[in-house]
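Input: a single structure, listed below in C-alpha cells.
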Amino acid sequence: QVQLVESGGGLVQAGGSLRLSCAASGYTFSVYAMGWFRQAPGKEREFVAAISWSGSSTLYADSVKGRFTISRDNAKNTVYLQMNSLKPEDTAVYSCARTNDSSISSRYDYYNYWGQGTQVTVSS
C-alpha cells in the first residue's frame, strides 16, 4: 500500500533553516507529482509547494516563494522541502502528499495520499 513518511521537523529560531523529507513506498514514485501542505492550529490546510514527476516543474505558495525549495530524488523515492529564513508564521504541521497523476497542483483535492505530518515550530 502507499505510504508517505515525513521527517525533519523540529523547533528552530526565526531566521533558521530546516529540511523536511518525505519517504514514499508502495508505488512507482517517479510517475507521480508530489506536494507539501501545512496546517497551523485553528487554520485551514494550506498549500506550500509541489513538484512534477521529473522535478522539472515546481509550484510555490506566495508566502514561501524565495525561501522554500522543493526537490525530489526519484532514485531514493524521496521528496524534500528545504526551508530557509523561517518565520514564526511558518509554524505548522507539514504533510507531504501524492497526486493522482503526473501533473502538479496547489489544490488539496488533487492529492489522494497523505503522510501523517511533521511538526515545525519557529520561535521568535
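The table below lists the values:
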{"read-out": "Carbon + sulfur, % of accessible area of the chain - ligands and nucleic acids excluded, 1.4 Å", "value": "45"}
{"read-out": "5 angstrom amide H check on N100, placed H, neighbours 5+ away", "value": "N112"}
{"read-out": "Distant-in-sequence amide H partners of G10 (H built 1.01 Å from N, under 5 Å)", "value": "V120, T121"}
{"read-out": "Neighbour cut-off at most 10 other Cβ (10 Å), DSSP loop, GluC sites (Glu not before Pro), region 1-77", "value": "E44"}
{"read-out": "Percentage relative contact order, the chain, counting C-alpha pairs under 8 Å, at least six apart", "value": "36"}
{"read-out": "Amide H within-cut-off set for N77, under 5 Å, with H built and near neighbours excluded", "value": "none"}
{"read-out": "Derived scalar couplings ³J(HN,Hα) [region 95-106; Karplus, 6.51 cos²θ - 1.76 cosθ + 1.60; whole Hz; x for Gly, Pro]", "value": "10, 9, 8, 10, 6, 9, 7, 8, 8, 8, 7, 9"}
{"read-out": "Partner aspartates and glutamates for K65 [C-alpha distance under 13 Å; skip if fewer than 8 residues away on the same chain]", "value": "D90"}
{"read-out": "Å² per residue, accessible surface of the chain at 1.4 Å", "value": "50"}
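The values are calculated or read from the model by the stated rules, or taken from the named source; none is laboratory data. All of these numbers come straight from a predicted model, not from anything done at the bench. Cβ: placed from backbone, ideal geometry, glycine included. Neighbour counts: every protein chain shown. In case anyone asks, the SASA skips ligands and DNA or RNA and just uses the protein heavy atoms, side chains included. Shrake-Rupley method; radii C 1.70, N 1.55, O 1.52, S 1.80 Å.
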